[in-house]
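Working notes, structure below.
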Amino acid sequence: MAIFDQSIVVQAVPTHIVATIKASVAAHEQFITLRPDTLLIALRDSVGYVYLLRPGEGGLTYLRLLTDDAQTVREAFRGRQPKEALIILTTASTNSDPALSQAIMTQANAHLAAIKRDAENAGNNATLSPDTDINPTSLSTSPKPEAPIDPMIAAIFAKKPLPGAGTPLRSTSRMDNSIVAPTPASASGNDPVIASIFAKKPLPATGTLQMPPGDIPWNPDRLMFWILFFSPIAGIGMGLNWRRLGKPQWMWTTIILSIAAPIILIVSILGIAASLKQLSSSVAWGLILILFGLNWGYFYGLYYLQRGGYRVWHKTGSIEALMAHQYKITDGIAAGTVTALAVIGIALAVSYFTSRPITFNSADMTITYPNTWTAQDINQVQNCSQANLQCLIAVTDSQFHFTSILIAKVADPTNFTASDALNETWLLLQQKFPDAQMDGVDKLTISGISGVRRYYSLTALETGDRHYGMQIYFVKGQTLYEFTAESLNKGIFDEERSNIDQFIAGITVK
């Protein structure tokens, strides 16, 4: 192992600590940054200092200092990846003069204490943000310029082959008897502190870091991201994550519920779609939005539970603290309920403001109809060119324009009843469309006025398509009104019946 290996907690962000370390390097000494704000090396005469930094919450940084003979540090990093070099420093034995080792340890302890003191002082006095570079001259330690890397130091990064198995690395420094032994095959997992650096976990302040039974916990923030694409992936990931968070008994329940929730959602939506004839479009959309809200609420409640345990792990890096964390199911349910209500509320608000009904006003009537209809230019409607008709409003369905509605009045007042108008217009319709077929007649009330309605089908002269529709006639005073709704085919007409009925219900005759 390294001659000196100690971890401390510093009440300062990594940039303050790095600036403090840089300021402590003399002009003739070497300073190397392998990973900014994470892995640093200082070669001070015959002694090498390796700094490992890991940020924590609340402005804390976990700092670990490894100190050994400078040549040992050089040899450990020569031609190796940083993780492998750190494993060598923490697992290989170093034989050195006990008196000299004691002197290095004393010096390293004092240096570590000075770094903590000066970095915390710099952090307390700084007005800069944590991400702002600090000028070393503002620290209590005297500024010392960073020296260029000489060829010997540059050789540390040379891509040289690793020595063969069983071949020790011998130092050529004045500590001639120091030997770095080959890395044991199992050493890569023996130092969890080093593993935590490369697994994005915090360094512990004291003691030995242990892994949870299911390995390193996954960040639930990243798992929750998958709900945007395919929610079962997020739920299955969270289910597997319970093993890593120390709750393996919750794994299968979470996975089963996470698969079942979207299936229930899809089946329910299909059921609502099949019931559109019995439900208005607004009710159907409301039910679908509620289902989506419940789905989001379930996954967010699950995420909220796991986030608490993961934060404990991320902050402390301690398996004991993670195992002691209490998951409050009621808090998860509350968070999920609030999320579901928020999603439903937002969705309904958006749906309301984007689907508010449209109001049409004329001297004859007021019509309130769904915004799924688009008003047309009456002058472009062929029937409105008839001399005896005065068209009031013409609309078509917004998406495909497969269904149209036209309301007109007879310009010349007559004494016709609604039934008379129904019979007379049918004769005219048959003259224009010889294959016109009447499919039924009934009575209805519009704005308190009795009217008659016929259902019909005919072949359009322009396209040859078979059209299906209804015509309604009602009289107020000396004015005869005609309402015509017609669709491209019977299937579309049947689908649009609820919208047509809404349109009829929104008519108020003045």
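The criterion of being modelled with pLDDT under 85 and at negative phi does not hold for L257. None of D69, D5, D97 is in contact (Cβ under 8 Å) with a residue 12 or more places away in the chain, under 28 Å from H314 (Cβ atoms) and charged (D, E, K, R) except D5. Within segment 487-510, residues that are under 15 Å from H401 (Cβ atoms) have Cβ atoms under 8 Å from residues that are open to solvent by less than 40 Å² (accessible area, probe 1.4 Å) and of a type in the set (F, W, Y) in these pairs: S487/F493; N499/W373, counting only partners at least 6 apart in sequence or on another chain.
Within segment 396-412, being in contact (Cβ under 8 Å) with a residue 40 or more places away in the chain and open to solvent by less than 80 Å² (accessible area, probe 1.4 Å) holds for D397, T403, S404, I405, L406, I407, A408, K409, V410. Inspect segment 278-285 for any residue being assigned to a helix (DSSP H, G or I), at pLDDT 80 or above and either within 30 Å of R356 (Cβ to Cβ) or not aromatic (F, W, Y) (or both) and give the result as yes or no. Within segment 278-285, not a single residue is assigned to a helix (DSSP H, G or I), at pLDDT 80 or above and either within 30 Å of R356 (Cβ to Cβ) or not aromatic (F, W, Y) (or both). For segment 1-19, the set of residues classified as under 39 Å from the mean Cα position of the chain (by Cα) and closer than 17 Å to Q107 by Cβ consists of I8 only. You will find that of S450, S498, S457, the residue that is assigned to a helix (DSSP H, G or I) and of a type in the set (G, A, S) is S498 and no other. For segment 45-61, the criterion of being modelled with pLDDT under 90 and closer than 23 Å to D97 by Cβ is met by at least one residue.
Considering segment 34-66, and only residues there that are touching a strand residue (DSSP E or B) at 6+ places or on another chain (Cβ under 7 Å) and more than 22 Å from E120 (Cα to Cα), the residue that is surrounded by the most Cβ atoms within 10 Å (Cβ to Cβ) turns out to be G48. Going by the structure shown, is L480 in contact with a His (Cβ under 8 Å, 6 or more places away or on another chain), open to solvent by less than 40 Å² (accessible area, probe 1.4 Å) and either more than 28 Å from T359 (Cα to Cα) or not aromatic (F, W, Y) (or both)? For L480, the condition - in contact with a His (Cβ under 8 Å, 6 or more places away or on another chain), open to solvent by less than 40 Å² (accessible area, probe 1.4 Å) and either more than 28 Å from T359 (Cα to Cα) or not aromatic (F, W, Y) (or both) - is not met.
Looking at the structure I just gave you, is Q107 assigned to a helix (DSSP H, G or I), under 13 Å from D5 (Cα atoms), touching a strand residue (DSSP E or B) at 6+ places or on another chain (Cβ under 9 Å) and in contact (Cβ under 8 Å) with a residue 24 or more places away in the chain? So Q107 fits the description; yes.
When M238 is tested against (1) more than 26 Å from I290 (Cβ to Cβ); (2) open to solvent by less than 50 Å² (accessible area, probe 1.4 Å), just one condition goes unmet, and that condition is (1). If the condition is being touching a residue at least 12 places away in the same chain (Cβ under 8 Å) and surrounded by fewer than 13 Cβ atoms within 10 Å (Cβ to Cβ), then segment 451-464 contributes only L461.
The values are calculated or read from the model by the stated rules, or taken from the named source; none is laboratory data. Quick caveat, the model's predicted, so the values are computed rather than measured. Backbone-built Cβ (ideal geometry, glycine too); neighbour counts: all protein chains shown. Accessible surface areas use protein heavy atoms only, side chains included; no ligands, DNA or RNA. Shrake-Rupley method; radii C 1.70, N 1.55, O 1.52, S 1.80 Å.
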